[in-house]
1. For q values of 0.11, 0.13 Å⁻¹, compute log₁₀ I(q)/I(0) with the Debye formula on a Cα-only model of the chain, without solvent.
2. Could you please state, rounded to a whole Å, how far the C-alpha centre of region 1-31 is from the C-alpha centre of region 55-73?
3. Using mean Cβ contacts within 10 Å as the protection proxy, how do 101-110, 27-36, 86-95, 50-59 order, highest first?
4. If I take R0 = 25 Å and measure r between the Cβ atoms of Arg132 and Ile17 in this structure, what FRET efficiency does the formula 1/(1 + (r/R0)^6) give, to the nearest 0.05?
5. Tell me the net charge near Gly105. Cut-off is 15 Å between Cβ atoms, Gly105 excluded, with +1 for each Lys or Arg and -1 for each Asp or Glu.
6. Of the heavy-atom accessible surface of the chain (probe 1.4 angstrom), what whole percent is carbon and sulfur?
7. Please determine, in degrees from 0 to 90 and to the nearest 10, the orientation of helix 76-104 with respect to the longest principal axis defined by the Cα atoms of the chain, where the helix direction is its Cα long axis.
8. Compute, for the chain, the length of the dipole vector about the Cα centre, with Cβ point charges of +1 (Lys, Arg) and -1 (Asp, Glu) only. Units Debye, rounded to 20.
Amino acid sequence: MIAHLNKDLAAELGAVIQYITYAAKATGPYRPQLSEFFLAEVADEQGHAQFLANKIVALGGEPTTVPDKVPAATTNREMLEAVLAAEQEATKGYTKRAEEAEEFGDKGLVVQLEDMVRDESGHSEETERILRDWPL
Ligand SMILES: [Fe+2]
Ligand SMILES: [Fe+2]
């Protein structure tokens, strides 16, 4: 369980860096909205990372400090597509992790992971709708 939560933590730390970096890199007439949209996600991902780090320590583990690599993206569309892929992956990952936590017998962890499924699927749906009518 600890090893899997550490994988999730690395992804969340990566997501924080991804959103901060993409917010800086957004260009063009939609820069203000895109930048704000990316930055608004940082607090959620940071909250997820904090929960995971705390839970790993509570279970007797050592939280990773090494983030996953941020996918390279140049254009606004590439950044949005990378974000959509990451959020879909996170939704799938936490769905599976909640099942593992159920088997592990930690109801509090199940509930929190299911909360995170809701957050990540919300991020993913929002991003999908932005991309739906994206010019170019
Ligand atoms: Fe997250
Ligand atoms: Fe997210």
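The values are calculated or read from the model by the stated rules, or taken from the named source; none is laboratory data. Just so you know, these numbers come straight off a predicted model, no measurement behind them. FYI the Cβ positions are ideal-geometry reconstructions off the backbone, even for glycines, and counts take in every protein chain you see. Just so you know, the surface numbers come from the protein's heavy atoms only, side chains and all, with ligands and any DNA or RNA stripped out. Shrake-Rupley method; radii C 1.70, N 1.55, O 1.52, S 1.80 Å.
1. Summing over Cα pairs of the chain leads to -0.40, -0.54.
2. Region 1-31 and region 55-73 have Cα centres spaced 12 Å from each other.
3. Listed from highest to lowest mean packing, they are 86-95, 50-59, 101-110, 27-36.
4. 0.40
5. Once positives and negatives cancel, what remains is -2.
6. 56 percent
7. Rounded to the nearest ten degrees, it is 10.
8. So the dipole magnitude of the chain works out to roughly 400 debye.
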